[in-house]
1. Taking amide H positions as placed in the peptide plane 1.01 Å from N, state which residues far from residue 75 in sequence (5 or more) or on other chains have amide H under 5 Å from it.
2. Using a basic spin-label model with each label point 7 Å from the Cα along Cα→Cβ, how many nm lie between residue 174 and residue 159?
3. Residue 109's amide H: which non-local residues (gap 5+, or another chain) put their own amide H closer than 5 Å, with H modeled 1.01 Å from N in plane and none for Pro or chain starts?
4. Rank-order 275-288, 43-56, 163-176 by packing density, defined as the average count of other C-beta atoms within 10 Å over each peptide's residues, highest first.
5. May I ask for the distance between the Cα centers of region 20-83 and region 269-289, given as a whole number of Å?
6. Cβ neighbours within 10 Å, averaged per peptide: list 79-85, 185-191 in order, most packed at the top.
7. Taking amide H positions as placed 1.01 Å from N in the peptide plane, with prolines and chain starts having none, which residues 5 or more places from residue 197, or on another chain, fall under 5 Å of its amide H?
8. Could you derive backbone 3J(HN,Hα) for region 49-57 from the dihedral phi with the Karplus parameters 6.51, -1.76 and 1.60 (θ = phi - 60°), listing whole Hz in sequence and x where the residue is Gly or Pro?
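The values are calculated or read from the model by the stated rules, or taken from the named source; none is laboratory data. This structure is a prediction, so every number in the text was calculated from the model and none was measured. Cβ coordinates were reconstructed from backbone atoms using ideal geometry, including for glycine residues, and neighbour counts include every protein chain displayed. Note: areas computed on protein heavy atoms with side chains; ligands, DNA, RNA excluded. Shrake-Rupley method; radii C 1.70, N 1.55, O 1.52, S 1.80 Å.
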Amino acid sequence: MALAAGLVTTTAGCSSAGPDRPVVAVTTNILGDVVSEVVGDAADVMVLMPPGADPHSFEVSAQEAARLRTADLVVENGLGLEEGVARHVEAAASDGVPVFTAGDHVDALEWTTEDDSGPDPHLWTDPARMVDVVEALDGALREAGVEPGGTESYLDELATLDTEMSDAFDAVPEDRRALVTNHHVFGYLADRYGFRVVGAVIPSGTTLASPSAADLRDLAAAIDEAGVPTIFADLSQPARLAEVLADEVDVHVEIRSLATESLTEDGAASTYLGMMRSNTDAIVDGLSISR
């Protein structure tokens, strides 16, 4: 899908917005791509999170924080995702900048373990929930003085993506629909397409937590019981987290890297739609191998 005509800036190289054009600031690059497609050429889009960054821990410069407070609209994921920039979004809201929180417009899930739980922020792994986000975003943009030109066409793209993913996952046998990741990132995908989340190397909804020896032992037992052949680790997190599982508790499974929380600079995962299609192919392939 072609990049929207509106200006897209990132932490890697911010450009000056046009003097008469509204500015929409977006915290994550996944939402930044979605917003850019919906907005079209009706506004300048300032994306704070660079490609390949971790949305849980990335931070912004003082200049970017200042620009955030002068935007016409701030778009964030919410549900605790952007831990490193939350205070800057709150400061912008205190200054009167309207803030659109994607997590407020979906049926949110929780990640849970025996010892902890919390809101699952990874709503984009379900394109049907992204439909709800885009529909609500359209209204927020209009209230902020932006007339989005790409809403309807992008909603069509999301519907197509949902159908493609459903068809692809139908090829995975029921007894192989079990997911293990480096942290709890696929709850919404599992809910939408009928997968089981066996566990995560980091038993949390954030990459800022750490697994204990007991966590690894429990996960190893669950992997053996479910016969899981592949662990999916995010590109922004070292695969060593999953490798530790193999080394310390003698569980040997394939480790595949996916772009789950951040878009890449180029390639298939440089757009939200491309990332979801690429991950779907990788999941189907990874769950089809023999253990």
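1. 25, 26, 27, 100
2. So the label points at residue 174 and residue 159 sit 3.0 nm apart.
3. Hits under the 5 Å cutoff: 120.
4. The most tightly packed comes first, giving 43-56, 275-288, 163-176.
5. Region 20-83 and region 269-289 have Cα centres separated by 25 Å.
6. Ranking, from highest mean packing down: 185-191, 79-85.
7. 179
8. Each residue of region 49-57 in turn: 8, x, x, x, 7, 8, x, 6, 10 Hz.
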